[in-house]
Structure formats: C-alpha cells, structure tokens
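Undergrad: Got a structure here, written out as structure tokens. Questions coming.
The values are calculated or read from the model by the stated rules, or taken from the named source; none is laboratory data. From a predicted model like this one, the values you see are computed outputs, not experimental measurements. Cβ sites come from the backbone with ideal geometry, for glycine too, and all protein chains shown count toward neighbours. For accessibility, only protein heavy atoms count, side chains too; no ligands or nucleic acids. Shrake-Rupley method; radii C 1.70, N 1.55, O 1.52, S 1.80 Å.
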Amino acid sequence: MADSSPGAGTPASDHDKRSREQVEQRLAQPAATHHARITLGGRPMDYQVHAAHVPVVPSGFDGARAEPDAAVFTTAYLLKGAPAVQRPLCFAFNGGPGSASIWLQFGALGPKHVVMQPDGNQPQAPYRVSDNPASWFEHFDMVFVDPPHTGWSITASEAARKKMLSVDGDVEALAECVRVWLTRHKRWGSPVYLAGESYGTTRGAALADKLQSLGVSLSGVILISCAMDLQSLVFAPRNDLPYALFLPGFANTAQYHGLLKGPQAASPQAARDAAEAFVAEDYVAALHAGARLQGRPRTRIARRIAELTGLSPTLVEEKNLRISDECFFFEAMRTQGRIVGRLESRVTGPMAARRTRDWEFDPGIEAIAAPYTMAALAYYGEQLGLQTETRYEVLSHDVHVKWNWNRGTDQGNGYACTSTDLSRAMRRNPHLKVFVASGRYDLGTPYSASDWSLAQLDIDATVRRRLQHHYYDAGHMMYTREADLLKLKADVAAWLAE
C-alpha cells in the first residue's frame, strides 16, 4: 500500500520546497536604498529609504535552528543622523485583508505621494510620485509593512500560508516583523507608534495588545477608517446593526448627489443630523420590532428612510425597512444610470446598458487603484532600483476570500472583533494614546459605525480621555483630497503634541 502522507516527491512538498527557496532568496537579497531630501515645516530633512524583506520566525521556535515561515517586505524612511531615543518610529500597514501598504505610503504618510483630483475622480496618466508637503515624516521615521501574501511578501509553506491568512496568525506574524525590525535597526530606544487603515485597524487594534505582551510599549495607535467590529459592517440575516449604522452615511451621500428634499437637503451636516436623530429616536426600535411594527407606524418609518436616502418608499417597504450597502449603491442613482462608489461615495460610475445589479467594480477604488499602482511601481523601479518581474500584489482577491475570521478556538464566528484587544491595551498601558480618522463619504467603514464601535470600548472615562475621533469630508482614503490630507496632518500633529 502506498504511503499517502506528505513527503518528498508529493505535489505539496514540491510546492513547499519552492516556496521555501523563494523565501530564502528574498531574505538574502541586499536592501535597496536611496537617499533624498524633503523640506517639511520649513526644515530640510535628509533621509534614507531602506527597502528589504524581514524574516518571520514561528512562535515557540528552537533557537537559531528555526527556519523563517515568511519573508515580509518593508519600506522604511529614516532621518539621517537622528538619535533613536529622540526620533519616534511609526509602523504602518493597510487593510483588505489582502492589501499592500502603498495607499498610506504614497497617499498620506510618506515623503512622496500621488497627487489626485479633489473630487475623488481618476486623473489622467502618466502617474508619478512627488514630494508630499503633508508627510508625517516631519514627526516620525516610518516603516511601511506589506503583510504576508501582499506586495512582495510570501510564506515558506502551505501551512504557514494558511496560518497567516487569519486574524490571529496575521497579528502574530506582524508582531514578529516589528520585533525583528526594531532589533536589526537598533531602534528599541525609540518611541513606537502604529498606523493602520481599514482592515489595518482590525490588525492594529489587536497588534497593540500583542506587542504589549512582547514588551513593546506603544506610544500611540492611529486608526484610519475603522473596522474593529465586523458586526457593525457586515449585512447579514439577523444582524440589524449595519442598517442603522450606515443610514447617516447614506443620507450624507444622497445630499451630496442632490437626491434629497426638505430640511435634510440643506447641507451635509443637516442630512447627517437628521439621520443620526432618526436612528437614535426611531429606527433602532423599529428594526428591533421586526414584524410587530405594522400599519401607520411602519409607513412612517418607511417614509422617513426614503426621505433620508432619496430612495422610494415602495423600495424601502420591499426591502423590509432594511437598506443594505449594495442596495443603496445600485438604487440611489439608478434613474441616472450611475453606481455609487463604496469607498468614495462622492464618485459614481456608469451602469451597464442593461442596468444590472451585478457588483462588477467599485467606482471609488477604481479611481485611485491604477494611479497608485503605477506610481508606486515606477518609484520602486526607477528610484529604488528594484528591478523584479515578480508580481507586486496590490490587492489580492485570493487573500480576501480565503481569510479566516475566527479568533482563538472559535468556529463559525464571522464577526471578528478586535476592539476588545484595543480596550485591554489602553488599560494595560497608561501612556497609550489613540487617534481615529473617519471619512464622511466612506460607505465601506462609515463614520457612524466607527462612532458606535468606539463608544463600545471597554474603558472608563479616565482612559477614554486618551482617545480622539476626527472627521473628514472625503471617503475611505480621505487623504486623496488635498484639503483633508492637510487637515489630517494638522490633527495628527496636534494629537502628538498633547
């Protein structure tokens, strides 16, 4: 009888062998470096760019004999001549899960950025990076991390891949990445910050607590477009929470596109205030009542939802008083043949001639995906000299669909929650400050859902004083709008100075 266990010569072992060879090759590559200067706040700043892979060794390893489970690609911007104890350090990552870090790197934080149009629509090629006058480099050295399976980061085996395609495995890998980077660059003496966007806030909240357990006492955590509580964002049967939490964002967007009438049409603020009041005073109770809500009270709720979203009362009734995100995207501007953007709801895209309800693309992300990808890869190739034909995974759909949302020993839990981790980290570390940024036109992680999530943090009033929430008049990547890019920089600077 043939041995069916994994071993030499089997397809699985051959794949793992090739994967390990690739990991070793990438870890053996010398760092790509580049020297440049930028003037920020009237101060010339000479810096070095250092791009290299960092090994991730599994927990519980046996000393020096451990083989890395992954090679994680990092791009660091380091001020020349700055003593570690005087120069804070910020580790930054994006979300997805499945996204590389080019959005924060070339959008808001780094010394270079991609200039976009103020209305969120796609500019015309060619795309290049230019000096970023609002770079956070004025305040930090920065390390941009591409989590496993994004960018050029890879794992050494199928087992490692499966482990890191999960909430907890991802956090464990990035904590190890931070530990190794601090050691290699002799930066244990620096104040350390984290910055995450979207799913990067999911991992950032958990990572704050994980690093505390590893002896890394963070000075601050920056969460951009919060996604710590998936239950507040996922439209699913028996989960009425998102229907209430998205409504203010729907109203804000409908007002922007001229879909509202009456007092709520007067301004974005008026639309938000009206929707927030309706949710607090009427809508949550109506959702809770379910089929018990009948007759005139039900008609009144349906009419008010229609007034706040620009949708027809008939459609609202058909949807059982529950307007999902995709329903709004397709129905809000259907008569105009337009789809509303998810991550940037100021942006719309043309429907197919058949006016289908197939979600083929998000107009909000399409407007920035190609500019960022082309500009970032041009920078890596032309400025850093990274001449590789290996695909750089900007947004990996495969990672996203295979992600394991369970935590610990839980099974079948689709609502990952890391706000509990952040609460614990803030209680454990009396100096940990948290800065949260939300875009008013973000319908992926709406500002009102973040309001709810932050209000649920298990911290008392004294700890809560170390938390700030700021709002911006653009979408998920609010920094693509120059006015918000500058406001975000000023808000972070003020937060750091407190």
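Undergrad: Quick one: 3J(HN,Hα) in Hz for the stretch 204-211, Karplus 6.51/-1.76/1.60 with θ = phi - 60°, rounded, Gly and Pro as x.
TA: Each residue's phi maps through the Karplus curve to give x, 5, 6, 5, 4, 6, 4, 5 Hz.
Undergrad: When the chain is fully extended, how far beyond the present Cα-Cα distance does R128 get from M374, taking 0.36 nm per residue of separation?
TA: Full-extension gain reported as 87.8 nm.
Undergrad: Moving on. I'd like the orientation of helix 482-497 relative to the chain: the angle between its Cα long axis and the longest Cα principal axis, in ° from 0 to 90, rounded to 10.
TA: Long axis of 482-497 versus the principal axis of the chain: about 70 degrees.
Undergrad: Additional query: Which whole-Hz ³J(HN,Hα) couplings does the stretch 129-139 yield from phi under the Karplus relation 6.51 cos²θ - 1.76 cosθ + 1.60, θ = phi - 60°, glycine and proline marked x?
TA: 8, 9, 4, 9, x, 9, 5, 6, 4, 4, 10
Undergrad: Determine the sum of side-chain charges near L343: Lys and Arg each +1, Asp and Glu each -1, restricted to other residues whose C-beta is under 10 angstrom from that of L343.
TA: On the way: positive: R342; negative: E344, D362, E366, D442.
With Lys, Arg at +1 and Asp, Glu at -1, the net is -3.
Undergrad: Then there's this: Counting Lys +1, Arg +1, Asp -1, Glu -1, what net charge surrounds D421 among other residues with beta carbon under 12 Å of its beta carbon?
TA: That sum, taken over residues with Cβ under 12 Å, equals +2.
Undergrad: What FRET efficiency do you get for F235 and L214 if R0 is 56 Å and r is their Cβ-Cβ distance, rounded to the nearest 0.05?
TA: Rounded to the nearest 0.05, the efficiency is 0.95.
Undergrad: Quick one: Karplus J couplings for the stretch 40-51, per residue in order, coefficients 6.51, -1.76, 1.60, θ = phi - 60°, nearest Hz, x for Gly and Pro?
TA: These are the phi-based 3J(HN,Hα) values: 10, x, x, 10, x, 10, 8, 9, 10, 9, 10, 10 Hz.
Undergrad: Using 0.36 nm per residue, how much length does the chain from L384 to E317 gain when fully extended, once their Cα-Cα distance is taken away?
TA: Here the segment from L384 to E317 would lengthen by 18.5 nm.
Undergrad: Here's another thing I want to ask about it. Could you work out how far helix 363-378 tilts from the main Cα principal axis of the chain, as a 0 to 90 degree angle to the nearest 10?
TA: Relative to the chain, helix 363-378 is tipped by roughly 20 degrees.
Undergrad: If one takes the longest principal axis of the Cα atoms in the chain, at what angle in degrees, from 0 to 90 and to the nearest 10, does the Cα axis of helix 11-28 lie?
TA: Its long axis makes an angle of about 70 degrees.
Undergrad: A follow-up question, please. Based on the Cβ-Cβ distance from E482 to D410, what FRET efficiency comes out when R0 is 60 Å, to the nearest 0.05?
TA: 0.90
Undergrad: Over all directions, average the projected area of the Cα convex hull of the chain and note it in nm². Before the final figure, lay out the partial values.
TA: Numbers: hull surface 109.6 nm².
Convex hull of Cα atoms, orientation-averaged projection: 27.4 nm².
Undergrad: 7 Å from Cα along Cα→Cβ at both R427 and R303: what's the point-to-point distance in nm?
TA: Calculated label separation equals 4.7 nm.
Undergrad: Separate question: With the cut-off at 1.5 for a/c, could you classify the stretch 212-257 from its C-alpha gyration tensor as rounded, prolate or oblate?
TA: Since a/c reaches 1.5 but b/c is at least a/b, the shape of the stretch 212-257 is classed as oblate.
Undergrad: Around G337, which amide H atoms from residues at least 5 apart in sequence, or from another chain, sit under 5 Å from its own amide H, with H modelled in the peptide plane?
TA: Long-range HN contacts for G337: none found.
Undergrad: Are there trypsin sites (Lys or Arg not before Pro) in the stretch 380-436 that DSSP marks as loop and that have at most 13 other Cβ atoms within 10 Å, and which are they?
TA: Values: sites: R391, K402, R407, R424, R427, R428, K433; in loops: R391, R407.
In loop regions of the stretch 380-436 (DSSP not H, G, I, E or B), the sparsely surrounded trypsin sites (Lys or Arg not before Pro) are R391.
Undergrad: Looking at the calculated P(r) for the stretch 443-498, what percent of the C-alpha pair distances fall above 15 Å?
TA: Working: 888 of 1540 pairs.
Within the stretch 443-498, distances greater than 15 Å cover 58 percent of Cα pairs.
Undergrad: What is the sum of charges, Lys and Arg at +1 and Asp and Glu at -1, for the other residues whose Cβ falls under 14 Å from the Cβ of V492?
TA: Local charge sum for V492: -2.
Undergrad: Over the chain, what percent of the accessible surface lies on carbon and sulfur atoms, probe 1.4 Å?
TA: Solvent-exposed carbon and sulfur of the chain make up 51 percent of the total.
Undergrad: At 0.36 nm per residue, and after removing the present C-alpha to C-alpha distance, how many nm does the segment from A159 to E21 gain when stretched out fully?
TA: Here the segment from A159 to E21 would lengthen by 48.1 nm.
Undergrad: Which of the trypsin sites (Lys or Arg not before Pro) found in the stretch 331-387 are in a DSSP loop and have at most 16 neighbouring Cβ atoms, other than their own, within 10 Å?
TA: Taking the stretch 331-387 and a limit of 16 other Cβ atoms within 10 Å, the loop trypsin sites (Lys or Arg not before Pro) found are R354, R355, R357.
Undergrad: Using a probe radius of 1.4 Å on heavy atoms only, what accessible surface per residue do you get for the chain? Whole Å² is fine.
TA: Here the residues of the chain average 43 Å² of exposed surface.
Undergrad: For H53, which sequence-distant residues (separation of 5 or more, or a different chain) have an amide H within less than 5 Å of its own amide H, given hydrogens modelled in the peptide plane?
TA: Amide H neighbours of H53, under 5 Å, 5+ apart: T74.
Undergrad: Can you list the residues, at least 5 places off or on another chain, whose amide H is less than 5 Å from the amide H of E393, using H built in the peptide plane?
TA: Those lying under 5 Å, H to H, from E393 are G151, W152.
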